[in-house]
Amino acid sequence: MVDWRPAAEQELAAIWLASANRAAVTDASHAIDQSLAIDADTVGRVVFDTVREYTYTPLGVEFEVIAADCRVFVLTVWDTATGRPTLAGN
């Protein structure tokens, strides 16, 4: 199961609203959902521990794979044209 966190959903909506090619954003988000639902622990690259990063232009996502629960959480999304946001850390 792929679950987009509320902040990621809001980011996706903002990207879609600002996009000159909304169909491409819609297609990419759908493709990301499908890829993560099928094989999340091999998609993209490991960022750290259970967190991975995946790009399907024009979108990039950071997501966490919880294999024991068969769940994937999309944590953040960005427009690949503007680049990945800088991590603030804590």
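Could you tell me which residue of the stretch 5-28 is surrounded by the most Cβ atoms within 10 Å (Cβ to Cβ), considering only residues that are closer than 13 Å to E62 by Cα and in contact with a Phe, Trp or Tyr (Cβ under 8 Å, 6 or more places away or on another chain)?
L12
From the list L36, L12, which residue is under 17 Å from P85 (Cβ atoms), in contact (Cβ under 8 Å) with a residue 24 or more places away in the chain, in a helix (DSSP H, G or I) and not polar (S, T, N, Q)?
Matching residue, one of L36, L12: L12.
Counting only residues that are of a type in the set (G, A, S) and either farther than 18 Å from E9 by Cα or touching a Cys at 6+ places or on another chain (Cβ under 7 Å) (or both), which one in the stretch 36-70 is surrounded by the most Cβ atoms within 10 Å (Cβ to Cβ)?
Out of the qualifying residues, it is A40.
Answer yes if at least one residue in the stretch 74-81 is crowded, with 16+ Cβ neighbours inside 10 Å, of a type in the set (S, T, Y), assigned to a strand (DSSP E or B) and under 10 Å from the mean Cα position of the chain (by Cα), and no otherwise.
yes
Residue under question is R84, and the condition is that it be surrounded by fewer than 17 Cβ atoms within 10 Å (Cβ to Cβ), in contact (Cβ under 8 Å) with a residue 12 or more places away in the chain and either part of a loop (DSSP other than H, G, I, E, B) or among the charged types (D, E, K, R) (or both); does it hold?
Against the criterion (surrounded by fewer than 17 Cβ atoms within 10 Å (Cβ to Cβ), in contact (Cβ under 8 Å) with a residue 12 or more places away in the chain and either part of a loop (DSSP other than H, G, I, E, B) or among the charged types (D, E, K, R) (or both)), R84 qualifies.
Values quoted throughout were computed directly from the atomic coordinates according to the rules given, and no laboratory measurement underlies them. Bear in mind the structure is a predicted one, so any value in this text is a computation, not a measurement. Note that we place each Cβ from the backbone using ideal geometry, even for glycine, and neighbour counts take in every protein chain shown.
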